[in-house]
1. When residue 4 is evaluated against the numbered criteria (1) in a loop (DSSP other than H, G, I, E, B); (2) more than 21 Å from residue 277 (Cα to Cα); (3) open to solvent by 10 Å² or more (accessible area, probe 1.4 Å), which criterion, by number, is the only one it fails?
2. Taking residue 214 as meeting all but one of (1) open to solvent by less than 30 Å² (accessible area, probe 1.4 Å); (2) in contact with a helix residue (DSSP H, G or I) (Cβ under 6 Å, 6 or more places away or on another chain); (3) assigned to a helix (DSSP H, G or I), write down the number of the exception.
3. Could you check, for segment 143-160, whether at least one of its residues is in contact with an Asp or Glu (Cβ under 9 Å, 6 or more places away or on another chain), assigned to a strand (DSSP E or B) and at pLDDT 95 or above?
4. Given the structure, is residue 239 hydroxyl-bearing (Ser, Thr, Tyr), touching a Phe, Trp or Tyr at 6+ places or on another chain (Cβ under 9 Å), open to solvent by less than 50 Å² (accessible area, probe 1.4 Å) and in a loop (DSSP other than H, G, I, E, B)?
5. For residue 201, are the conditions met, namely being under 26 Å from residue 90 (Cβ atoms), open to solvent by 30 Å² or more (accessible area, probe 1.4 Å) and over 18 Å from the mean Cα position of the chain (by Cα)?
6. When you scan segment 170-209, how many residues do you find that are polar (S, T, N, Q), in contact (Cβ under 8 Å) with a residue 24 or more places away in the chain and under 22 Å from residue 261 (Cα atoms)?
7. May I ask you to list the residues in segment 20-50 that are touching a Leu at 6+ places or on another chain (Cβ under 9 Å), charged (D, E, K, R) and within 22 Å of residue 287 (Cβ to Cβ)?
8. Name every residue in segment 217-228 that is outside any helix (DSSP H, G or I) and either under 12 Å from residue 146 (Cα atoms) or open to solvent by 40 Å² or more (accessible area, probe 1.4 Å) (or both), in order of residue number.
Amino acid sequence: MGINRHSLEAVKTISVNGGCIELRCYRPHCIEAAERIPLLVTHGGPGGSSVGLYDALHPLADQRPTMFYDQLGSFASPADLLQEQMTLKRFATEPLCILDQLSISRAHVFGHSWGGAVMTQFCLDHPDRVAALLLSSPLLSTQRWIADCNQLIKNIQLELGESVNLENEFERRHFCRSDRDTDQKALRCERQRGNTKLYEQMWGPSEFEHHGMLNDLDLFPNFRDLSTPTLLTCGEHDTATPETMQDARSAIGDHARLEVLKDAGHKTYVDRNQALIAVVNDFLNQLD
């Protein structure tokens, strides 16, 4: 096990529309690294937590100031959200609140899954505040996500028959492919931290069943307005499929880069942890 080259500098409370969110700030020990543009990271869900992301991706904080936050209504930022607060636009104001209250002019922003939608919307709303946009297995269109998942489900049923335990097989193939005990334990902890009520209200009962409030989410028509350097990453077997991510990269343009991580599902930061860290660091190092 390597030794961290960073320390927890502060745990801050940030005021946002509807309540307060918790932000954990990490600072590299190296002076040169500490002076780089900071990286702001958020989780999926809705209703997930960035605790698991830090556990997996903490080496990123060796290279630059790195901040992890839990969105309002999530594990470290508890709140009972009103229906009118459960919108992508409102969630996308939280990164602005963080940067403003910490007097940070620009940051690299990283979002996983639903967090990718949040950070994309923030970048569209405030491009002057974003140095680079990093989208890890992002939700970019609800209808495309469901169509992709339906095809993955059809493939499973064609191969194994209608009687297969669909949820278990789908998770094994497309959510997290690692069967290591430590990884499965980490996933169980992530689930325990999740706000199931918020997830079901905004999304639905499972990754491949949508009955929530995000039915109209579709960022593809806005990609032509993105001028920020963008990194898209996904797993080879991801629910954020390589085909959809390639379409996103093409729609964004030449300033976007796509990396597909071999033999990974949606939890790329678990299945191909070191590879994802290396891709992110390489991308950001080219911008420093």
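1. (2)
2. (3)
3. No, segment 143-160 contains no residue that is in contact with an Asp or Glu (Cβ under 9 Å, 6 or more places away or on another chain), assigned to a strand (DSSP E or B) and at pLDDT 95 or above.
4. Criteria met by residue 239.
5. Against the criterion (under 26 Å from residue 90 (Cβ atoms), open to solvent by 30 Å² or more (accessible area, probe 1.4 Å) and over 18 Å from the mean Cα position of the chain (by Cα)), residue 201 qualifies.
6. 1
7. Listed by number, the residues that qualify are 27, 36.
8. Step one: of segment 217-228, the residues outside any helix (DSSP H, G or I) are 217-219, 226-228.
Result: 217, 218, 227.
The values are calculated or read from the model by the stated rules, or taken from the named source; none is laboratory data. In this text the structure is predicted, and so the values were computed from the model without any measurement. Don't worry about glycine lacking a Cβ; one is built from the backbone with ideal geometry, like all the others, and counts go over all protein chains shown. Side chains are part of the model used for accessible areas, which takes the heavy atoms of the whole protein and leaves out ligands, DNA and RNA. Shrake-Rupley method; radii C 1.70, N 1.55, O 1.52, S 1.80 Å.
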